[in-house]
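S.K.: Input: one structure, supplied below.
The values are calculated or read from the model by the stated rules, or taken from the named source; none is laboratory data. Since the structure is predicted, the reported quantities are computational estimates derived from the model, not experimental observations. Neighbour counts are summed over all protein chains in view; Cβ atoms, including those assigned to glycine, are modelled from backbone coordinates with ideal geometry.
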Amino acid sequence: MSQQNTSNLVLERIVDVPPELLFKAWTTPQHLMPWFCPKPYQTIECEIDLRPGGTFFTQMIDPEGNKLPAEPGCFLEIVPNRKIVWTSALGPGFRPLEASAFPWVFTAMLEFEPNGIGGAIYRATAIHKDAKDADSHEQMGFSQGWGVVLDQLVAYVKSTPMA
């Protein structure tokens, strides 16, 4: 269970997709890129080194084709088919990053719990250093954006063979 406080933002929803497919869609670049950002934005590049200390990187573009600020993040914890934790505060190999292009850094905890009927409880927690950064992320569109992305993820998994 993720800890909830004023510096965390949480999106939790029951989805009719099994945890194994959610995990695969989050950890396989060709399956992550189609749904990872709200359309009409696009993810045009993705690198995943799925191990603690490994790289998590995505490059996105806006509808006009402009690249958005991007830095490689770092995986902290991987529990196959159940949990992924990565942070934008560290780069590959747990190396601290220079001042970010973003107004704040956060750690993402993604949890996929079986719901007993073939689907999952999907929980995404964005952990910030303080309530001010969490409020800034919410004002930027966390709840709406991460909700849209979850809808896109579920639709993608349901319509795409995940071999």
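S.K.: Is there any pair linking a residue in region 135-161 that is closer than 22 Å to residue 8 by Cβ to one that is among the small types (Gly, Ala, Ser) and in a helix (DSSP H, G or I), with Cβ under 8 Å and at least six apart or on different chains, and which?
M.R.: Final answer for the pair search is 153/25.
S.K.: Now a separate question. Tally the residues that are under 16 Å from the mean Cα position of the chain (by Cα) and over 21 Å from residue 5 (Cα atoms), restricting the search to region 114-153. If you could, list the steps in order and put the result at the bottom.
M.R.: Initially, region 114-153 is screened for residues under 16 Å from the mean Cα position of the chain (by Cα), giving 121-128, 134, 137-138, 140-153.
From what's left, over 21 Å from residue 5 (Cα atoms): 148-153.
Number of matching residues: 6.
S.K.: Would you be able to tell me the number of residues in region 47-60 that are surrounded by 17 or more Cβ atoms within 10 Å (Cβ to Cβ), aliphatic (A, V, I, L, M) and within 23 Å of residue 83 (Cα to Cα)?
M.R.: Final tally of qualifying residues: 1.
S.K.: Just to be sure, is residue 121 among the hydrophobic types (A, V, I, L, M, F, W, C), in contact (Cβ under 8 Å) with a residue 12 or more places away in the chain, over 19 Å from residue 47 (Cα atoms) and surrounded by fewer than 18 Cβ atoms within 10 Å (Cβ to Cβ)?
M.R.: Details: among the hydrophobic types (A, V, I, L, M, F, W, C): yes; in contact (Cβ under 8 Å) with a residue 12 or more places away in the chain: yes; over 19 Å from residue 47 (Cα atoms): yes; surrounded by fewer than 18 Cβ atoms within 10 Å (Cβ to Cβ): yes.
Answer is yes for this residue.
S.K.: Which strands (runs of 3 or more DSSP E) does region 23-116 wholly contain that include 2 or more residues that are closer than 21 Å to residue 159 by Cβ, at pLDDT 95 or above and not hydrophobic (A, V, I, L, M, F, W, C)?
M.R.: Values: elements: 42-48, 55-61, 73-79, 83-87, 107-114.
By residue number, 42-48.
S.K.: Still on this structure, please answer the following. Filter region 61-80 for residues that are closer than 21 Å to residue 49 by Cβ, among the aliphatic types (A, V, I, L, M) and surrounded by 12 or more Cβ atoms within 10 Å (Cβ to Cβ) and give the result.
M.R.: Across region 61-80, the qualifying residues are 70, 76, 78.
S.K.: Which one of these does residue 57 not meet: (1) in contact (Cβ under 8 Å) with a residue 24 or more places away in the chain; (2) in contact with an Asp or Glu (Cβ under 7 Å, 6 or more places away or on another chain)?
M.R.: Unmet condition: (1).
S.K.: Applying the selection to region 8-17, what residues are over 29 Å from residue 131 (Cβ atoms) and either crowded, with 18+ Cβ neighbours inside 10 Å or at pLDDT below 95 (or both)?
M.R.: 17
S.K.: For region 124-150, enumerate the residues that are within 19 Å of residue 41 (Cα to Cα) and either hydrophobic (A, V, I, L, M, F, W, C) or surrounded by 14 or more Cβ atoms within 10 Å (Cβ to Cβ) (or both). Even if it seems obvious, please write down each step before you answer.
M.R.: As a first pass, look at region 124-150 and keep what is within 19 Å of residue 41 (Cα to Cα): 137-150.
137, 138, 140, 142, 145, 146, 147, 148, 149, 150 - these are the residues of region 124-150 that are within 19 Å of residue 41 (Cα to Cα) and either hydrophobic (A, V, I, L, M, F, W, C) or surrounded by 14 or more Cβ atoms within 10 Å (Cβ to Cβ) (or both).
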